[in-house]
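What follows draws every value from the coordinates through simple rules; no lab data is involved. None of the values given here were measured: they were computed from a predicted structure. No Cβ is skipped: glycine too gets one built from the backbone with ideal geometry, and neighbour counts run over all protein chains shown.
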Amino acid sequence: MVAALQLQVLVGSFAIVRLDPRADVPMWATAPSALCGILRTADELTLICEETADNALALSAIDATQRASGWCGLRVAGTLDFALTGILAGLSTTLAQAGISIFALSTFATDYVLVRQDDLPATCRALQKAGHSFVE
């Protein structure tokens, strides 16, 4: 079991987008926000970006099968040591047991979990029940 974590709910709504692996990263996807992710593999370019009025037209132009809108972000507060294990596993197991689908990613400093906006209340309840807390 993972030790109790402090989590922050990120402000904003996020989209997850899949583009051709050779595509340039669009400027609208890199606007400053609480979370911006760019991951390129041989198979795809995945973008995580905040849904704003400024990029709404560009997001709507992407085929709906290549775009998932309406996600909320949760951030593990503070900085995680690389020696820690099971952080994402603990969060994802708790949420899987509650029937909540996630999109997880990590940065050098911490971990993030995205859940659908409609699932945010159940997500918070499940994580609090597992001993985690939420901070501003």
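Ordering 28, 71 from the fewest to the most neighbouring beta carbons within 10 Å gives 28, 71.
Other residues whose C-beta falls under 13 angstrom from the C-beta of residue 132 contribute a net charge of +2, scoring Lys and Arg +1 and Asp and Glu -1. Each of 49, 124 has some number of other Cβ atoms within 10 Å of its Cβ, and from fewest to most they run 124, 49.
Summary of the geometry: region 118-136 and region 7-48, compared by the centres of their Cα atoms, lie 25 Å apart. Once the chain from residue 109 to residue 27 is taken as fully extended at 0.36 nm per residue, the excess over their C-alpha distance is 27.1 nm.
Summing Lys and Arg as +1 and Asp and Glu as -1 over all other residues whose Cβ lies under 11 Å from the Cβ of residue 45 gives a net charge of -1.
Largest mean-square fluctuation among 93, 65, 110, in a Gaussian network model of the chain whose springs join Cα atoms under 10 Å apart, belongs to 65.
Beyond 16 Å, the tail of the calculated P(r) for region 27-136 holds 64 percent of the Cα pairs. How high is the FRET efficiency from residue 98 to residue 6, r the C-beta distance, R0 30 Å, rounded to 0.05? After rounding, the FRET efficiency stands at 0.95.
Per residue, the average separation of C-alpha pairs within less than 8 Å and at least 6 apart gives the chain a relative contact order of 32 percent. Electrostatic tally near residue 30: other residues with Cβ closer than 15 Å to its Cβ, Lys and Arg +1, Asp and Glu -1, net -3.
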